[in-house]
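Please read the structure below before turning to the comments.
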Amino acid sequence: MKDKKVKQKDSGRTMANILRILFGVSIITSIVARNYLNLFIGIVSLFTTFLPYIIAKKGHIVLPPSFQIIILSFIFGANYLGELKEYYLKYFWWDKMLHTLSGIMLGFLGFLLIYILNNEERVNVYLSPFFMALFAFSFAVCTGALWEIFEFTMDSLFGFNMQKSGLVDTMWDLIVDTIGAIVSSTSGYIYVKYNEEGIYKRMFSKFGRMNAGIFKKQYDSVEFDVKKLDEDKNKGEKHKS
């Protein structure tokens, strides 16, 4: 098990370093070619490769290697292949595939935030599975909408072409973002409500084991236990009354 974790950690570092080299080369070639859009994308993309580690350090959390690999893979597909290698133009489905995946990933992130709050001793928040799913869905769709506003702003101010076909591209991006959010929030609801086996349970359990200090000490397991959450909520209501 330890060997597997070490291999995953090394894979994450190797992947991050490869991406940094690729984006570094893209920045240099963009400067030479005076392609300022690609230069901007390369600089932003290079910075995003450090984001998983910055977030982990600032948030005092440990990101499982598999989480880091997923994030870096998305950055590679979206920024390097999509923008710099023009996959968005070569393959009509590339953009929609990535937006769908981003909706799923952001929905998972929304669930993870509530997961932490529901298990945080200092925060008196105990959301039901339905409202956890609603928050995750809203978080994913709202973030997708903010990204579209960012694309519109960049196109308007600097003459970029991030929106490609304008309104049509924006609307389809939001639609597939919503589809991804529905898939993710529904999967999370099923996991929390019925404690079903699946990718949600594996990923939450993995995150929980590596960040046990975040969660309530009285819990024997870092996995979701809805009954315990309900018991704590009832105790809190009795105490207030």
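Every read-out reported here was derived from the displayed coordinates using simple, explicitly stated rules and does not represent laboratory data. Everything quoted here is computed from the prediction, not taken from an experiment. Glycine gets a Cβ as well: all are built from the backbone with ideal geometry, and neighbour counts include every protein chain shown.
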Q: Treat each spin label as a single point 7 Å out from the Cα along the C-beta direction, and report the His60 to Arg20 distance in nm.
A: 2.6
Q: Mind jotting down the distance between the C-alpha centroids of the stretch 20-75 and the stretch 166-216, whole Å?
A: 23
Q.
For a Förster distance of 41 Å, can you work out the FRET efficiency between the beta-carbons of Glu196 and Thr29, rounded to the nearest 0.05?
A. 0.30
Q. HN-Hα J couplings of the stretch 170-184 from phi, Karplus 6.51/-1.76/1.60, θ = phi - 60°, integer Hz, Gly and Pro as x?
A. 4, 5, 5, 4, 5, 5, 6, 4, 5, 4, x, 5, 5, 4, 5
Q: Mind grabbing the base-10 log of I(q)/I(0) for the stretch 45-105 at q = 0.22, 0.24, 0.27, 0.28 Å⁻¹? Debye formula, identical points on the C-alpha positions, no solvent, two decimal places.
A: -0.90, -0.99, -1.12, -1.16
Q) What list of ³J(HN,Hα) values in whole Hz, one per residue of the stretch 99-108 in order, does the Karplus curve 6.51 cos²θ - 1.76 cosθ + 1.60 (θ = phi - 60°) give from phi, with Gly and Pro shown as x? A) 5, 5, 5, 5, x, 5, 5, 5, x, 5
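Take Phe131, Phe139 and order them by how many other Cβ atoms sit within 10 Å, fewest up front.
Working: Phe131 12, Phe139 21.
If I rank by nearby Cβ atoms, fewest first, I get Phe131, Phe139.
Going by how many other beta carbons lie within 10 Å of each one, how would you line up Val32, Val192, fewest first? All intermediate terms of the calculation are to be shown ahead of the outcome.
Details: Val32 8, Val192 25.
Placing the least packed residue first, the sequence is Val32, Val192.
So for Phe50, Phe111, fewest C-beta neighbours within 10 Å to most, what's the order? Spell out each step's value before the answer.
Working: Phe50 11, Phe111 27.
Exposure proxy ranking, most exposed first: Phe50, Phe111.
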Q: Compute the whole-percent fraction of alpha carbon pairs in the stretch 1-98 spaced more than 21 Å apart.
A: 40
